[in-house]
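Below is one structure, written out as structure tokens, with a few remarks after it.
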Amino acid sequence: MCSESIRRDARVFGRIIVAHRRRLNLTQECLADRTGLNVRSIRDLEADRVRAPRMSTVALLAEAFGLHGPERERFCLQATGAVADSPPDAIVPMQLPSDVAGFVGRSDELVRLDALLAEAAEGNGPVVISAVCGAPGVGKTALAVHWAHRVAACFPDGQLYVNLRGFDPAGHVASAGEALRGFLDGLGIPAKRVPPELGAQMALYRSVLAGKRMLVILDNARDADQVRPLLPGSSTVLAVVTSRNQLTGLVAGDGAHPLALTQLSPAEARSLLGARLGADRVESESEAVTRVVSACAGLPLALTLAAARCQLSGFAIETIADELAEAGRRLDVLDGGDAVSQMRTVFSWSYLALSASAADLFRLLGLHPGPDFSEDAAASAIGQPVIQTRRLLNELTRASLLAEHLPNRYRFHDLLRVYAADLCQSHDSVQARDAAMLRILDHYLQSAYGVDRLLNPHRDPITLGAPLPGVVLASVSDPVEALAWFATEHATLLSSVEHAAQQGFDNYAWQLALALTDFLQRRGYWQDWVQTGRRAVLAAGRLGDRGVQVRTHRNLGHAYLQLGRLLDADAELRRAIDLCRQLNDHTGHAHAMLNLAVVWERRGQLAEGLGAAQQAVELYRVAGHQRGQARAVNAVGWYHALQGNHEQAISACEQALILLEELGDQFGQAATLDSVALAYHHLGRLSDSIDAYQRALGFLRHLGNRYYEATVLTHLAECQCTNKDRQNARDNLAKAHEIFTDLGCPEAEAVATSLCQLDHLDSAG
């Protein structure tokens with residue numbers, strides 16, 4: 001029925017047995033009855049205390065699990081460890097959230113999902129899709145995640161999961177592109193290999209999944225249109241979609257199998273309460289439990305919250321039943337009304353049990369723009385120290401009003417976010433809400449700017465005011481931590497730029513967008529760079545500050561340049577240049593001219609590129625901007641070298657090196673050494689060229705700049721080929737190819753071609 005991957009781990013066969021047993025909803029006793037083995041033998045097998053199970057035993061298990069043909073043969077091979085897993089470096093995504101604690105019921109739905117699994121296992125027909133639909137709080141996600149964990153062994157190539165936030169109260173619905181980038185990242189596709197166009201991203205995603213045994217969970221979808229770009233193209237992949245809507249279009253147009261969830265039966269609801277409160281307690285207060293089940297209308301979320309209220313308060317179930325009776329008129333979810341307003345009363349049970357400070361934090365977190373947040377962000381929202389906020393977060397987590405889904409990363413259930421934001425709107429004044437929102441934005445701006453300075457201390461500064469009172473900044477001490485912080489906060493930072501622009505906090509919008517630039521550039525998130533760059537340009541236009549407009553137009557032009565959109569880059573850079581001329585801003589003008597020089601170079605107009613670089617040198621000189629002047633002089637040398645003026649190139653680059661060494665600009669030195677090495681190469685000074693390349697590589701490796709390390713390695717290899725040192729050239733090309741491939745850069749193909757050419761040369765003698 002399914003095929004499992006075999007890890008090189010003595011315990012794997014036991015896990016496979018457990019997965020099959022759970023798939024069939026068998027206890028160990030039931031499996032013992034089916035096989036004729038005793039229960040102790042089953043336990044020993046599942047605990048992997050039997051190193052080499054008898055093949056007769058394995059055959060009995062296969063028969064009990066209903067395995068036939070290739071599936072049976074694979075199961076038998078798995079018992080001996082003869083089936084190998086993927087290569088050790090293969091990436092197998094395991095993106096499922098944690099399994100649901102105390103999951104009960106849904107036996108019919110689990111059987112139907114198992115049937116779809118059997119259909120997908122055949123891999124002969126169309127893609128199998130399950131559309132799990134139902135009202136808010138009915139347990140769609142819980143069912144999908146629990147079932148996915150039960151059958152995880154049937155998907156040896158991994159499981160992908162995304163929350164599409166289809167009903168996000170702040171309007172931050174996940175786009176198909178955002179979800180695809182997350183999937184491709186989980187599949188090990190480097191960001192620079194991901195194409196910018198949505199159609200190309202879809203094609204890459206489906207190509208990677210083709211032929212693999214994988215499970216894709218598309219949770220909390222808004223409609224069929226949001227889901228379709230994320231559906232796999234291979235019949236070996238099973239997709240499970242959950243949504244509050246019925247997804248009729250997905251059923252009619254894409255052959256999805258509808259699975260409508262209704263409320264739990266009274267028996268299942270009692271089992272859920274028993275799992276939370278204890279079976280003995282539920283049995284002893286049976287009448288009160290019946291009233292609670294009735295008042296909660298069989299909704300798992302409502303039942304869970306009621307149980308949490310009972311646990312936190314220590315009250316008798318009878319007391320909780322009395323509370324529910326008073327609010328029960330608003331808990332009816334079967335009339336097709338507004339589910340959010342009906343759930344509000346359920347949420348209020350936990351909210352009203354909070355301390356005053358925890359209640360304040362809960363409401364203010366409803367303003368947070370991102371999908372999740374750290375305790376530093378939460379502390380900034382309420383304007384309290386971290387140690388105090390941590391206690392409040394623990395209180396909210398215990399009350400099931402917040403989830404700590406990763407260490408020090410918290411998020412709301414989407415309905416709870418609605419509830420928190422609604423409470424904030426009705427309870428807190430406009431002044432209090434605006435103050436909290438500003439503290440949240442200030443936390444992200446001040447933190448991002450400080451972290452960015454660790455990555456790029458030479459960047460022209462942004463003038464920020466002091467952090468607002470009560471704002472807590474991220475604690476990051478080195479460039480490695482800086483990159484990790486940006487990676488963790490990436491989605492929230494993008495949402496913060498968007499929210500700031502939409503709500504008229506324009507200074508935060510453009511400053512945060514610029515603080516993100518270096519990270520987005522290093523990771524190859526070109527589309528995100530363009531998106532934030534556009535928001536920054538619009539914010540600057542509303543502010544009417546021409547100096548800010550210069551920076552934002554130049555930033556957007558640079559982003560377009562990275563995408564290869566030369567016309568757009570040219571337009572933005574020329575807008576920046578026009579404004580610089582009006583303001584007599586020589587530094588900004590010079591920055592823009594250096595970027596414009598690259599536009600000319602990529603158009604093949606090297607003379608114009610040289611002219612732009614020479615203008616930048618003079619502008620930097622007038623402005624007294626030494627680092628810029630040094631880098632511009634290097635650019636002049638580079639364009640001389642590209643045009644064959646090698647002596648002039650060396651003269652310019654040597655001038656640049658002196659100043660860059662004085663300034664301690666290691667990346668600038670590396671870039672300049674690369675330029676001068678090219679000139680040495682073409683003058684026949686091969687030893688000097690190789691030495692310059694090696695020095696450049698030393699700087700780049702110290703900085704951890706792998707992209708430019710690979711670029712210089714290819715240049716060094718060319719010089720070594722000229723020097724008839726083919727073995728070292730081959731070694732360096734291989735290193736460059738490895739780096740480019742790892743980063744997903746298109747340059748990898750050209751390097752592979754160069755390696756093939758070397759092989760042909762060797763074959764020809």
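Filter segment 579-614 for residues that are under 23 Å from Leu538 (Cβ atoms), surrounded by fewer than 16 Cβ atoms within 10 Å (Cβ to Cβ) and not hydrophobic (A, V, I, L, M, F, W, C) and give the result.
Arg581, Gln582
Confirm whether Thr242 is surrounded by fewer than 18 Cβ atoms within 10 Å (Cβ to Cβ), out of contact with any Phe, Trp or Tyr (no Cβ under 7 Å at 6 or more places or on another chain) and either at pLDDT 85 or above or among the hydroxyl-bearing types (Ser, Thr, Tyr) (or both). Before you say what the answer is, go through the steps one by one.
Details: surrounded by fewer than 18 Cβ atoms within 10 Å (Cβ to Cβ): no; out of contact with any Phe, Trp or Tyr (no Cβ under 7 Å at 6 or more places or on another chain): yes; either at pLDDT 85 or above or among the hydroxyl-bearing types (Ser, Thr, Tyr) (or both): yes.
Here the answer is no, as Thr242 does not meet what is asked.
Looking at Gln727, Gln694, Gln643 in this structure, which one is among the polar types (S, T, N, Q), within 30 Å of Asp518 (Cβ to Cβ), surrounded by fewer than 24 Cβ atoms within 10 Å (Cβ to Cβ) and out of contact with any strand residue (DSSP E or B) (no Cβ under 7 Å at 6 or more places or on another chain)? Full working, then the answer.
Working: Gln727 fails: within 30 Å of Asp518 (Cβ to Cβ); Gln643 fails: within 30 Å of Asp518 (Cβ to Cβ).
From the options Gln727, Gln694, Gln643, the qualifying one is Gln694.
If I go through segment 413-454 residue by residue, how many of them are in contact with a helix residue (DSSP H, G or I) (Cβ under 8 Å, 6 or more places away or on another chain), closer than 30 Å to Asp478 by Cβ and of a type in the set (S, T, N, Q)?
Summing the residues that are in contact with a helix residue (DSSP H, G or I) (Cβ under 8 Å, 6 or more places away or on another chain), closer than 30 Å to Asp478 by Cβ and of a type in the set (S, T, N, Q) in segment 413-454 gives 1.
Applying the selection to segment 395-432, what residues are buried (at least 20 other Cβ atoms within 10 Å of the Cβ) and part of a loop (DSSP other than H, G, I, E, B)?
Ala399, Leu401, Leu402, Phe412
Assess whether Pro229 counts as being touching an Asp or Glu at 6+ places or on another chain (Cβ under 9 Å), in contact (Cβ under 8 Å) with a residue 40 or more places away in the chain and of a type outside the set (A, V, I, L, M). Please lay out each step first, then the result.
Working: touching an Asp or Glu at 6+ places or on another chain (Cβ under 9 Å): no; in contact (Cβ under 8 Å) with a residue 40 or more places away in the chain: yes; of a type outside the set (A, V, I, L, M): yes.
Answer is no for this residue.
Go through segment 704-731 and give me each residue that's closer than 17 Å to Leu761 by Cα and touching a helix residue (DSSP H, G or I) at 6+ places or on another chain (Cβ under 8 Å).
Answer for segment 704-731, where residues must be closer than 17 Å to Leu761 by Cα and touching a helix residue (DSSP H, G or I) at 6+ places or on another chain (Cβ under 8 Å): Ala717, Glu718, Cys719, Gln720, Cys721, Thr722, Asn723, Arg726, Asn728, Ala729, Arg730.
Taking the criterion of being free of Cβ contacts under 8 Å to residues at least 24 places away in the same chain and in the same structural domain as Ala677 (by TED's automatic domain parsing), would at least one residue in segment 633-646 satisfy it?
yes
Among the residues that make up segment 274-284, is at least one of them on the phi > 0 side of the Ramachandran plot, of a type outside the set (Gly, Ala, Ser), in contact with a helix residue (DSSP H, G or I) (Cβ under 8 Å, 6 or more places away or on another chain) and in contact (Cβ under 8 Å) with a residue 12 or more places away in the chain? Give the derivation first.
So in segment 274-284, the residues on the phi > 0 side of the Ramachandran plot come out as 278.
If we keep only those that are of a type outside the set (Gly, Ala, Ser) too, we end up with none.
No: segment 274-284 contains no residue that is on the phi > 0 side of the Ramachandran plot, of a type outside the set (Gly, Ala, Ser), in contact with a helix residue (DSSP H, G or I) (Cβ under 8 Å, 6 or more places away or on another chain) and in contact (Cβ under 8 Å) with a residue 12 or more places away in the chain.
Just the residues that are under 27 Å from the mean Cα position of the chain (by Cα) and of a type in the set (S, T, N, Q), please, taken from segment 697-711.
The answer is Asn705, and nothing else.
Picking from Ala710, Ala717, Ala670, which residue would you name as being closer than 22 Å to Tyr639 by Cβ, buried (at least 18 other Cβ atoms within 10 Å of the Cβ) and not basic (Lys, Arg)? Outline the logic, then answer.
Numbers: Ala710 fails: closer than 22 Å to Tyr639 by Cβ; Ala717 fails: closer than 22 Å to Tyr639 by Cβ.
Only one candidate passes the filter, namely Ala670.
Could you pull out the residue among Leu402, Leu416 that is in contact with a strand residue (DSSP E or B) (Cβ under 8 Å, 6 or more places away or on another chain) and in the same structural domain as Arg363 (by TED's automatic domain parsing)? Steps first, please.
Details: Leu416 fails: in contact with a strand residue (DSSP E or B) (Cβ under 8 Å, 6 or more places away or on another chain).
The conditions single out Leu402.
Which condition number in (1) at pLDDT below 90; (2) closer than 17 Å to Pro300 by Cα; (3) of a type in the set (A, V, I, L, M) is the one that Leu247 fails?
The failed condition is (2).
Which condition number does Arg685 fail, the rest of (1) more than 21 Å from Val598 (Cα to Cα); (2) under 43 Å from the mean Cα position of the chain (by Cα); (3) among the basic types (Lys, Arg); (4) modelled with pLDDT of 90 or more being met?
(2)
Any residue in segment 168-190 that is over 25 Å from Gln521 (Cβ atoms), at pLDDT 90 or above and of a type in the set (A, V, I, L, M)? Steps first, please.
Keep residues of segment 168-190 that are over 25 Å from Gln521 (Cβ atoms), which gives 168-171, 173.
Checking the rest, the ones that are also at pLDDT 90 or above come to none.
Taking every residue of segment 168-190 in turn, none turns out to be over 25 Å from Gln521 (Cβ atoms), at pLDDT 90 or above and of a type in the set (A, V, I, L, M).
Taking Glu718 as the residue in question, decide whether it is at pLDDT below 95 and within 23 Å of Gln643 (Cβ to Cβ). So that I can check it myself, show each step before the final result.
Values: at pLDDT below 95: yes; within 23 Å of Gln643 (Cβ to Cβ): yes.
So Glu718 passes the test.
Can you report the number of residues in segment 313-330 which are touching a helix residue (DSSP H, G or I) at 6+ places or on another chain (Cβ under 6 Å) and at pLDDT below 80?
Restricting attention to segment 313-330, the residues satisfying the condition of being touching a helix residue (DSSP H, G or I) at 6+ places or on another chain (Cβ under 6 Å) are 317-318, 320-321, 324, 327-328, 330.
Among the residues that remain, those that are also at pLDDT below 80 are: 324, 327-328, 330.
So the count comes out to 4.
Any chance segment 300-312 includes a residue that's modelled with pLDDT under 75 and either crowded, with 23+ Cβ neighbours inside 10 Å or of a type outside the set (Phe, Trp, Tyr) (or both)? Please lay out each step first, then the result.
Pass one, segment 300-312, residues modelled with pLDDT under 75: none.
There is no residue in segment 300-312 that is modelled with pLDDT under 75 and either crowded, with 23+ Cβ neighbours inside 10 Å or of a type outside the set (Phe, Trp, Tyr) (or both).
Can you confirm whether Leu520 is closer than 25 Å to Ala569 by Cα and buried (at least 22 other Cβ atoms within 10 Å of the Cβ)? Quick ask: steps written out before the conclusion?
Working: closer than 25 Å to Ala569 by Cα: yes; buried (at least 22 other Cβ atoms within 10 Å of the Cβ): yes.
Yes; evaluated as a whole, the condition is true for this residue.
Looking for something within 25 Å of Tyr707 (Cα to Cα) and either without any contact (Cβ under 8 Å) to a residue 60 or more places away in the chain or not small (Gly, Ala, Ser) (or both) - is there at least one such residue anywhere in segment 500-515? Write out each step before concluding.
Pass one, segment 500-515, residues within 25 Å of Tyr707 (Cα to Cα): 513-515.
Right, trim to either without any contact (Cβ under 8 Å) to a residue 60 or more places away in the chain or not small (Gly, Ala, Ser) (or both) and you get 513-514.
Checked against the condition, which is being within 25 Å of Tyr707 (Cα to Cα) and either without any contact (Cβ under 8 Å) to a residue 60 or more places away in the chain or not small (Gly, Ala, Ser) (or both), segment 500-515 yields at least one hit.
The values are calculated or read from the model by the stated rules, or taken from the named source; none is laboratory data. Since the model is a prediction, treat every value here as computed from it, not as a measurement. We place every Cβ from the backbone using ideal geometry, glycine too, and count neighbours over all the protein chains shown.
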